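Below: one structure, written as structure tokens.
The values are calculated or read from the model by the stated rules, or taken from the named source; none is laboratory data. This one's a predicted model, so the numbers in the text were calculated from it and none came from an experiment. Cβ coordinates were reconstructed from backbone atoms using ideal geometry, including for glycine residues, and neighbour counts include every protein chain displayed.
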Amino acid sequence: MLSQDDQARFREIERHLAQEDPRFARALSEGRPRRPAGDVSWWAVTVFALSLVTIAVAVVALSFSLLLFGVVLIGASMLLRRRHVHRGQRLSPPREQPPGAAAAG
């Protein structure tokens, strides 16, 4: 069983969540949470799939330049995915720093 302080904290979190994203809060209370919007980087997935097709064609055609292009596409898809992940982290609220951390930096 949770203490009264913990229960109060959970109620406060629930209120903040309901204010910030009411649709998500409602889905959680109904037991069917949805995936966060924009959770998949479709550009990265598309470029990665295109790179695999390019590499397969390069292997069949024995084309080194096409193979190199496929590898470059894989790199591009990784950069797109990384940019997508970092964009999501930038949009999240900043973490609280421990007391004295700002003065040390």
Scan Ala18, Ala44, Ala49 and give me the residue that is at pLDDT 90 or above and surrounded by 10 or more Cβ atoms within 10 Å (Cβ to Cβ). Ala49
Are any residues in the stretch 56-73 under 21 Å from Ala44 (Cα atoms) and of a type outside the set (Val, Ile, Thr), and if so, which ones? Ala56, Ala58, Leu66, Leu67, Leu68, Phe69, Gly70, Leu73
Condition met for Ala8 (part of a helix (DSSP H, G or I) and either among the aromatic types (Phe, Trp, Tyr) or modelled with pLDDT under 85 (or both)): no
